[in-house]
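Asks: Below: one structure in structure tokens.
The values are calculated or read from the model by the stated rules, or taken from the named source; none is laboratory data. Every value quoted in this text rests on a predicted model; they were computed, and no experiment measured them. Quick reminder, even Gly has a Cβ in these numbers, built from the backbone with ideal geometry, and neighbours come from all protein chains shown. These accessible areas exclude ligands, DNA and RNA; they are computed on the full protein's heavy atoms, side chains included. Shrake-Rupley method; radii C 1.70, N 1.55, O 1.52, S 1.80 Å.
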Number of protein chains: 4
Amino acid sequence: MGLNVAMIGTGFMGRAHSNAWMSVNKFFDLPLDAVLHTVCGTEPDQTRAFAEKWGWRHATTDVQALADDDEIHLVDITTPNDLHRPHATMSLAAGKHVACEKPLAGTMDDARAMRDAARTARAGGTRSSVWFNYRRCPAVAYAHRLVAEGRLGRLYHVRGQYLQDWGGPNTPASWRFDRRRAGSGALGDLGAHIVDMARFVTGDEIVEISGGIETRFIDQRPVPGGTGSAPSTVDDCVLFLARFRSGAVGSFEATRLATGNLNRNCLELNGELGSLRFDFERMNELEWFDNTVDAGRRGWGTITCTTAGVHPYIDAYWPPGHPIGYEHQFISQAADIIRELDGGSAVVELPDFEDAYRTQQVLEAALASARQGRAMTLADLDE
Amino acid sequence: MGLNVAMIGTGFMGRAHSNAWMSVNKFFDLPLDAVLHTVCGTEPDQTRAFAEKWGWRHATTDVQALADDDEIHLVDITTPNDLHRPHATMSLAAGKHVACEKPLAGTMDDARAMRDAARTARAGGTRSSVWFNYRRCPAVAYAHRLVAEGRLGRLYHVRGQYLQDWGGPNTPASWRFDRRRAGSGALGDLGAHIVDMARFVTGDEIVEISGGIETRFIDQRPVPGGTGSAPSTVDDCVLFLARFRSGAVGSFEATRLATGNLNRNCLELNGELGSLRFDFERMNELEWFDNTVDAGRRGWGTITCTTAGVHPYIDAYWPPGHPIGYEHQFISQAADIIRELDGGSAVVELPDFEDAYRTQQVLEAALASARQGRAMTLADLDE
Amino acid sequence: MGLNVAMIGTGFMGRAHSNAWMSVNKFFDLPLDAVLHTVCGTEPDQTRAFAEKWGWRHATTDVQALADDDEIHLVDITTPNDLHRPHATMSLAAGKHVACEKPLAGTMDDARAMRDAARTARAGGTRSSVWFNYRRCPAVAYAHRLVAEGRLGRLYHVRGQYLQDWGGPNTPASWRFDRRRAGSGALGDLGAHIVDMARFVTGDEIVEISGGIETRFIDQRPVPGGTGSAPSTVDDCVLFLARFRSGAVGSFEATRLATGNLNRNCLELNGELGSLRFDFERMNELEWFDNTVDAGRRGWGTITCTTAGVHPYIDAYWPPGHPIGYEHQFISQAADIIRELDGGSAVVELPDFEDAYRTQQVLEAALASARQGRAMTLADLDE
Amino acid sequence: MGLNVAMIGTGFMGRAHSNAWMSVNKFFDLPLDAVLHTVCGTEPDQTRAFAEKWGWRHATTDVQALADDDEIHLVDITTPNDLHRPHATMSLAAGKHVACEKPLAGTMDDARAMRDAARTARAGGTRSSVWFNYRRCPAVAYAHRLVAEGRLGRLYHVRGQYLQDWGGPNTPASWRFDRRRAGSGALGDLGAHIVDMARFVTGDEIVEISGGIETRFIDQRPVPGGTGSAPSTVDDCVLFLARFRSGAVGSFEATRLATGNLNRNCLELNGELGSLRFDFERMNELEWFDNTVDAGRRGWGTITCTTAGVHPYIDAYWPPGHPIGYEHQFISQAADIIRELDGGSAVVELPDFEDAYRTQQVLEAALASARQGRAMTLADLDE
């Protein structure tokens, strides 16, 4: 049986998602076959070429046509953040399942509207999900299991850092540096991932932001392919401190100016019985310190997360010690989306709009804390 | 325009190659489109299921039918080592291009026959190649370039190690432990890769084996899914020392019993001006020591080989810092095969049967040296 | 010529300092010979045994006697934090040079009094210094030089973390967990080091604390060698965010509950032209990313800081690649103290009480920010 | 009670040993106090200055005077390799205990004579020992214990590498490059350490050399401080393969031309139940893979070998996570020498001349194998 997928957007994420839908039934045994039904872009020729390359059956530039097409089961949204809301609410209203890129939205208003639309749709059996892809990295999914099994004991500290360095002064202007399009800079782009990952792996919730810094180092950027410069209106870097419901404390840092760090999406947890460290640049590895091992033999261990039957998702791919890459997270997420739509269960929890809204709240509170120069609870924010 | 591919074999390598042919035109812009024309297996139902899953248009269990099918342009061989010769010579004789899994063959006799057949076919415009996939790992291809640019200066030492640990006493019997099927154990399976990689990266040739050890630690293995045990007749581990034409010295080690090392395919070069280190378990990284940097600031640098426009092949995939995996080497090799068949050039050299034969000679000399307990030149072996 | 040293305290630090004074003239060529003149402890027998073991000529339990002894040139203070003030002010008043363990003091009042006493003494030629030993780790001193040479360019981020894990629930009560004796917990013990190190390496000053967390996870600790428990009244962990005068942002974390991290005193700087990373557990190494190297060949480099003539202090010890240890920082600091007292210059800046007072202010502001739940400038604090 | 030590040699090793004798009773509680009685050098002024700096009571240039001095209990030899024999045999004949730098000797003849002299002396209660210092690195001593406890199970592989890079073409001539003085180059200087370390950690003995390479890349070296060049007559690099009594196989490499490797004295063991890795450049760490841990959670662990009461020798120094350095191995060895001379036991086995002779045999067999181009057993060598 087929699951007809429509996808909006033909950029970097459009490629990653196309590959996921193309590959998912090759690697996973699933109850439904993903069909690359329609891709929707902004420019007709480019969209048709994209469709042909990746095997999408139809190409359109009319996003409304997706909602109107009865054959389409799922709308996959990979557009800039400000378009998430119209595309998602339109699709949900038309009874299409929605899989939306992260962050949920560029603004809290949008996020709230999307959450509300998803709640309504859910009552009618229509599902939403968000591509927080790192949850499906085997090392991260396994970290989540270790915590769920109680292997860290009482949690003391959480350290989340997403360090990139592509945002230097020579990087040209784009929608990602425009607050009206992107909502924020490093915060939504990178901070969203580490907050989601921290919430997912710990199973805990952030209840207070104890202070934050929002900063922009580069105010003007060269116009791409042109002369002159355009203003950059987003943050380059956001730092904040947090308290979790359990009492654990956390520090978070998202930046595009950490020279030398290409894509260092890192999480570290320290608990009474053990500690964990993850760095996406070495995505097949999880560092694990087991404090219950005898003194003398205990140390930080590097687990290569490629053991079939143990490390989540890896069975679908290659033998032990054969690294998988960035894109496999999307293939694995596509598999989980299919499983859920067929009434089954994802291997690890698939974040819906409700869940993604809670991540958005944390980011909003971090911004508010940074701008107001004071600690605040998430409950404050709700008021 | 299409390149009709037929593939023999539906195991682990059959999956990796199917994925490569399916994906190659998605990621690369190429003059020919790979068509998954026919897959050939041993069991009809399993072969049909495999074909359906991976999108092969036809399925057969008759290998001769491939030679007879005028539509087929290229035969891709992923069968056990002892079948490389019949499948390759049959295909070349029928005017099909051949892409064969490594090692070239299980025995020198087979290897020589294959090389000779490829020479003859080459004269008629038919091409052979061997899937020494690690050459197309961006880090390895880049290491090759650094050496070719003279950045290591005079080469002193080569260290090649392929360490795995799946060959312990509980691992069941299979064709890989049967000398009649596999020809050898770790030597052909792992040693072939490190010898090819050392030859490729250095651009140098091994001219003497200065001593070797061939050893088997496990003589009996459990029968899979059954009771009792079956003899293991291959080496578990082969070590040898070598001299290169340039005067550099080398040590090589291939083993399936290096506990804790899942798939550590490593190469280290030490030259007067610099040194290099590669470990496939961290395949997106290359370690580089530049001895021309001022004392004080020089050190072993970890290069993340994901810079578009610089690190070979990586442009085809994702942005900087987004790891690729094991399978991408096959996609990149499929792209190079297509380029060569269209009259263009591979990004880095594609090994043909002539080239693979030289690797086979080194392995043969290593075995002979180990068994005879003496040093020998490759010229000795030719006699 | 001799420099007669008196030392107060015979604990862990007393041993480290004794070793430094014993060894300094063996490794360094200096204008004055350190003489281990008098050690002052609290218990007569133990003090005498300590003196005999380490070669101190005299032992006393009367701290006033040190001030009264005309032969003594320098008083070295290794006592608990609350005693720094009386011991230092007494010694300075008596015209003795003072070298005091860090943090400068347990309270701001004490710190201010000590700074003022040092100012007065300085006018009379009497010198103060504080044992912020990590400045004299060759990797840290070299990092300072790289920054001073402008090799990082514009500084964006500072990350300081001092992670230890000895403070778990089974660790017995001691003066270090008693706020009255220690002033604070992780903050003064560990935070003082990372703030000093960040100030030293960057040459920049923290001007604002943007939020902080002070937390205690363990409220009761077992009485050592006894039964029952005693309250722990200090922080286990302090986190804070900061802005530097240059506009750089910083995150700081000091904790005794980061399971798996024995003594991870870490600093990371990200600048426009380069980045640096240091981890004291690998104290002979400095990680350095040179963003001016060609794309392709640039990467995080691990510099082994043992090059004579280049890496500070290392000439005094062993050949390249021969690690030095924790204690060598004290030997090198003793050498710099001697140089300064003889009118020469320290190899890198030796922090005096004035300098250490600025570090203390940062810690105080961090605490105030955490307790008041708001950002504050250091200027606010001064009011 | 005092142990009067005389030391011959005032170079790099003379400093390391002086420091050891000076420090040993500060860090360790021992039944005898080491007394720095007499140092013997070649040049009177330099020797006197050395004595004064390090606290030797007497200075002499007459080596015979040491044998004649009844006050002296132990002669410590740090001279070039060709002088080990006359200095050791003279001292042993005079009833002095001897502690000799490694390798035991420059030639097998010398080594045999020294072993025989030590046998005779031993019968009279006079002890010999050799400064194979790495045995007393806590990580190495702990590795030895893990093996002795059976934690590796059946041993498969041993990999020993001592990689340095100071021997490039610009390094000036010295006794270390003169075969008549040094006996050999990398082999005796570095190979001796890895063979001793492999024998010590495994508790196994090498019984066969299966092939070797001895090579020299640099034939002429600049005369230090002068013009022109002098011949280098020693090996720059020696590689060899070995079989152990237990059936394990081994590869060994000693080189002074492994660019980027300052002092990488490495040992790796692979056994059925676990694996170990050591690298002296990170001497406070031991890497340990426990194959008995559940799949999923097992991985290479980095043990920081600073746990008091567990990791050998470390109690004597600093708290957990505070690195020790190169010289501490000598202090710990001095402590073990004192313990043995007082009738006690070394913490881990102290190699005597008998033991060091077996290491020398392995090196000799490696050379013979390399030169003759054939495998040979150590029994062959004895004939």
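Asks: For segment B:5-27, does any single residue satisfy the condition of being within 14 Å of another protein chain (Cβ to nearest Cβ), crowded, with 23+ Cβ neighbours inside 10 Å and touching a His at 6+ places or on another chain (Cβ under 8 Å)?
Replies: Taking every residue of segment B:5-27 in turn, none turns out to be within 14 Å of another protein chain (Cβ to nearest Cβ), crowded, with 23+ Cβ neighbours inside 10 Å and touching a His at 6+ places or on another chain (Cβ under 8 Å).
Asks: Next question, about the same structure. Kindly indicate whether B:F217 is surrounded by 16 or more Cβ atoms within 10 Å (Cβ to Cβ), in contact with a helix residue (DSSP H, G or I) (Cβ under 9 Å, 6 or more places away or on another chain) and not in a strand (DSSP E or B).
Replies: Spelling it out, it is not the case that B:F217 is surrounded by 16 or more Cβ atoms within 10 Å (Cβ to Cβ), in contact with a helix residue (DSSP H, G or I) (Cβ under 9 Å, 6 or more places away or on another chain) and not in a strand (DSSP E or B).
Asks: Next question, about the same structure. If a residue must be within 22 Å of D:A143 (Cβ to Cβ), surrounded by 24 or more Cβ atoms within 10 Å (Cβ to Cβ) and within 12 Å of chain C (Cβ to nearest Cβ), how many such residues does segment D:254-270 contain?
Replies: Residues in segment D:254-270 being within 22 Å of D:A143 (Cβ to Cβ), surrounded by 24 or more Cβ atoms within 10 Å (Cβ to Cβ) and within 12 Å of chain C (Cβ to nearest Cβ): 2 in total.
Asks: For segment A:298-319, give me the residue count where each residue is at positive phi and crowded, with 24+ Cβ neighbours inside 10 Å.
Replies: The total comes to 1.
Asks: Of everything in segment D:67-81 that's assigned to a loop (DSSP other than H, G, I, E, B) and more than 24 Å from D:A182 (Cα to Cα), which residue is least open to solvent (accessible area, probe 1.4 Å)?
Replies: D:I72
Asks: How many residues, within segment C:37-47, are outside any helix (DSSP H, G or I) and either open to solvent by less than 20 Å² (accessible area, probe 1.4 Å) or among the β-branched types (V, I, T) (or both)?
Replies: Qualifying residue count for the region: 6.
Asks: Additional query: State the number of residues belonging to segment C:271-290 that are open to solvent by 30 Å² or more (accessible area, probe 1.4 Å) and within 20 Å of B:S275 (Cα to Cα).
Replies: Of the residues in segment C:271-290, 1 are open to solvent by 30 Å² or more (accessible area, probe 1.4 Å) and within 20 Å of B:S275 (Cα to Cα).
Asks: Also: Only one of these conditions is not met by C:L155: (1) at pLDDT 95 or above; (2) out of contact with any strand residue (DSSP E or B) (no Cβ under 6 Å at 6 or more places or on another chain). Which number is it?
Replies: Status for C:L155: all satisfied but (2).
Asks: Which residues, counting only those in segment C:60-113, are closer than 19 Å to C:G191 by Cα and of a type in the set (A, V, I, L, M)?
Replies: Once the filter is applied, which keeps residues that are closer than 19 Å to C:G191 by Cα and of a type in the set (A, V, I, L, M), segment C:60-113 yields C:L104, C:A105, C:M108, C:A111.
Asks: A further question on this structure: Hey, can you tell me all the residues within segment B:235-251 that are under 18 Å from B:H144 (Cβ atoms) and open to solvent by less than 20 Å² (accessible area, probe 1.4 Å)?
Replies: Those that are under 18 Å from B:H144 (Cβ atoms) and open to solvent by less than 20 Å² (accessible area, probe 1.4 Å): B:F244, B:A248, B:G250.
Asks: Of the conditions (1) closer than 19 Å to A:R181 by Cβ; (2) without any contact (Cβ under 8 Å) to a residue 40 or more places away in the chain, A:L92 satisfies every one except a single condition; which number is it?
Replies: A:L92 satisfies every listed condition except (1).
Asks: Another question, then. Among the residues of segment C:25-43, is there at least one that is of a type in the set (V, I, T), more than 22 Å from C:N133 (Cα to Cα) and over 22 Å from the mean Cα position of the chain (by Cα)?
Replies: Yes; the residues of segment C:25-43 include at least one that is of a type in the set (V, I, T), more than 22 Å from C:N133 (Cα to Cα) and over 22 Å from the mean Cα position of the chain (by Cα).
Asks: Just to be sure I understand, how many residues within segment C:145-190 are under 25 Å from C:W288 (Cβ atoms) and within 16 Å of the chain's Cα centre (by Cα)?
Replies: Qualifying residue count for the region: 5.
Asks: Picking from A:H84, A:H17, which residue would you name as being farther than 23 Å from A:R339 by Cα and in a helix (DSSP H, G or I)?
Replies: A:H84
Asks: Do you know which residues across segment B:48-61 are part of a helix (DSSP H, G or I) and buried (at least 20 other Cβ atoms within 10 Å of the Cβ)?
Replies: Result: B:F50, B:A51, B:W54.
Asks: Just the residues that are touching a His at 6+ places or on another chain (Cβ under 7 Å) and small (G, A, S), please, taken from segment B:272-326.
Replies: If the condition is that a residue be touching a His at 6+ places or on another chain (Cβ under 7 Å) and small (G, A, S), then B:G296, B:G325 are the ones that fit.
Asks: Can you pull out every residue in segment D:160-182 that is buried (at least 24 other Cβ atoms within 10 Å of the Cβ) and touching a Cys at 6+ places or on another chain (Cβ under 8 Å)?
Replies: Passing the criteria: D:G160, D:Y162, D:L163.
Asks: Please go through segment A:220-234 and give me each residue that is outside any strand (DSSP E or B), open to solvent by 10 Å² or more (accessible area, probe 1.4 Å) and among the hydrophobic types (A, V, I, L, M, F, W, C), ordered by number.
Replies: Answer for segment A:220-234, where residues must be outside any strand (DSSP E or B), open to solvent by 10 Å² or more (accessible area, probe 1.4 Å) and among the hydrophobic types (A, V, I, L, M, F, W, C): just A:V223.
Asks: Looking at the structure I just gave you, is C:G124 at positive phi and of a type outside the set (S, T, Y)?
Replies: Spelling it out, it is not the case that C:G124 is at positive phi and of a type outside the set (S, T, Y).
Asks: Kindly check whether there is at least one residue in segment A:151-159 that is more than 10 Å from every other protein chain (Cβ to nearest Cβ) and either open to solvent by 40 Å² or more (accessible area, probe 1.4 Å) or under 24 Å from A:E101 (Cβ atoms) (or both).
Replies: no
Asks: Okay, moving on. Name the helices (runs of 4 or more DSSP H) wholly inside segment A:282-383 in which the number of residues that are away from chain B (no Cβ under 14 Å) and farther than 29 Å from A:L32 by Cβ is 2 or more.
Replies: A:353-372, A:378-382
Asks: May I pose another question? Quick one: how many residues across segment C:333-366 are more than 16 Å from C:L3 (Cβ to Cβ) and not acidic (D, E)?
Replies: Result for segment C:333-366: 15.
Asks: Could I ask something else about it? Which count do you get for residues in segment B:93-117 that are of a type in the set (A, V, I, L, M), open to solvent by 10 Å² or more (accessible area, probe 1.4 Å) and over 14 Å from B:L363 (Cβ atoms)?
Replies: Looking only at that region, the number is 4.
Asks: Among the residues of segment D:200-232, how many are touching a Pro at 6+ places or on another chain (Cβ under 9 Å) and closer than 30 Å to D:G247 by Cβ?
Replies: 1
Asks: Within segment D:134-145, does at least one residue satisfy the condition of being open to solvent by 40 Å² or more (accessible area, probe 1.4 Å), out of contact with any Gly (no Cβ under 8 Å at 6 or more places or on another chain) and either within 23 Å of D:L350 (Cβ to Cβ) or in a loop (DSSP other than H, G, I, E, B) (or both)?
Replies: Checked against the condition, which is being open to solvent by 40 Å² or more (accessible area, probe 1.4 Å), out of contact with any Gly (no Cβ under 8 Å at 6 or more places or on another chain) and either within 23 Å of D:L350 (Cβ to Cβ) or in a loop (DSSP other than H, G, I, E, B) (or both), segment D:134-145 yields at least one hit.
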